[in-house]
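The values are calculated or read from the model by the stated rules, or taken from the named source; none is laboratory data. All of these numbers come straight from a predicted model, not from anything done at the bench. Quick reminder, even Gly has a Cβ in these numbers, built from the backbone with ideal geometry, and neighbours come from all protein chains shown.
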């Protein structure tokens, strides 16, 4: 296959066309922050953390949904991008009730890691402190909406990999919530297969197994892509 | 051909003409999942809102995940999960109507009927809603009473008309 030349952060690369900027960056060890991206499921460009600058385009474009084109000049770590990454991270924390100290995912949380990466020391926006439910109706798992960042990784895994489509998103704007069936308790779901893939896909402590305390949580989001690849092989 | 027509509906009289309307629409759209919004439109128009039993009937007939249907219903303002009332009073609060006194109309409705925007009377006879702009700025302030546009209304006039509507039922 013919390769095309592109430049990322002054680095000249020869890459396969058809790949996204994010894929190319990951292959070449150029760091791009992501939250809603999960290898193995469809990229939707929702979290806006992977924004990159492309010469000749005024807008910042999301690396996960933009394909590389010949002679693209891409920058991933300018001051403008860093500013937006910081804003996005602060808004994540301000939107729901994230309290790391009492969270089961403390130390194993992608949102927490993101906070460290962008050097989050304080949040400039007023917290919304919404009233969120904690759904403990499922026999094995818990869904805590306080810790959900609406990345919809669970929704996509459930739909694309498991094929159950137990999860979806209701309402709009700041009232959005991940729902099970007709916004009914997870334990009463008729579509859920209790496979637990959403738990591994969840980047925060929003979905976690019962009978687990802080420090014991093991999440393996890489498992999703392994599953997808194995299914393609049809061994 | 699949035989989805025979989806059983619990707690729903089979002779309900509104259910027949939905069943006919489902058949017309050949049970295609893509036609979800059109079918929801039919159901919303028939019932005035979307009861849960109707939603689960449509979900089963189209073979869609329940969460997808619920997501669609909550995304669009046209669809409603609660009854909007037998009679509806839609007060336009667009810029022109607002300047011409839409707030006074809402205040008068609240004073005279004890209803705020978005509420429905306990007997389900009247529901009051607001819209950002109904595109009738030349008629400001405009109110839509049961799909009938009332032009250049005064607060007293509209409460009188509402009372007449509720009274005649």
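Observations on the model:
- Of the residues contained in region A:175-184, none is found to be surrounded by fewer than 15 Cβ atoms within 10 Å (Cβ to Cβ) and more than 26 Å from residue A:101 (Cα to Cα).
- Residue check for residue B:52: surrounded by fewer than 17 Cβ atoms within 10 Å (Cβ to Cβ), within 12 Å of chain A (Cβ to nearest Cβ) and either touching a residue at least 40 places away in the same chain (Cβ under 8 Å) or in contact with a strand residue (DSSP E or B) (Cβ under 7 Å, 6 or more places away or on another chain) (or both): no
- Here residue A:124 passes the criteria (1) closer than 21 Å to residue B:70 by Cβ; (2) touching a helix residue (DSSP H, G or I) at 6+ places or on another chain (Cβ under 9 Å); (3) in a loop (DSSP other than H, G, I, E, B) except the one numbered (1).
- Subset of region B:64-80 (residues that are touching a residue at least 12 places away in the same chain (Cβ under 8 Å), more than 7 Å from chain A (Cβ to nearest Cβ) and farther than 16 Å from residue B:31 by Cβ): B:72, B:73, B:76, B:78, B:79, B:80
- Selection status of residue A:108, within 30 Å of residue A:128 (Cα to Cα) and at pLDDT below 95: yes
- Top-ranked residue of region B:137-149 - restricted to ones that are in contact with a strand residue (DSSP E or B) (Cβ under 6 Å, 6 or more places away or on another chain) and crowded, with 16+ Cβ neighbours inside 10 Å, ranked as farthest from residue B:77 (Cα to Cα): B:142
- Listed by position, the strands (runs of 3 or more DSSP E) contained in region A:159-231 that have at least 1 residues being facing chain B (nearest Cβ under 10 Å) are A:167-170, A:177-180.
- Of all residues in region A:149-162, none are under 14 Å from residue A:135 (Cα atoms), crowded, with 18+ Cβ neighbours inside 10 Å and modelled with pLDDT of 95 or more.
- Restricting attention to region A:20-55 and to residues that are free of Cβ contacts under 8 Å to residues at least 40 places away in the same chain and in a helix (DSSP H, G or I), the residue that is surrounded by the fewest Cβ atoms within 10 Å (Cβ to Cβ) turns out to be A:27.
- The sole residue among B:43, B:23, B:35 that is under 22 Å from residue B:85 (Cα atoms) and either more than 11 Å from chain A (Cβ to nearest Cβ) or under 15 Å from the mean Cα position of the chain (by Cα) (or both) is B:43.
- Some residue of region B:56-63 being over 18 Å from the mean Cα position of the chain (by Cα) and more than 14 Å from chain A (Cβ to nearest Cβ): yes
- Residue match in region B:93-116 (condition: within 21 Å of residue B:167 (Cα to Cα), at pLDDT below 85 and loosely packed, with under 15 Cβ neighbours inside 10 Å): no
- Search result, residues across region A:87-114 that are assigned to a helix (DSSP H, G or I) and under 16 Å from the mean Cα position of the chain (by Cα): A:88, A:89, A:90, A:91, A:92, A:93, A:95, A:110, A:111, A:112, A:113, A:114
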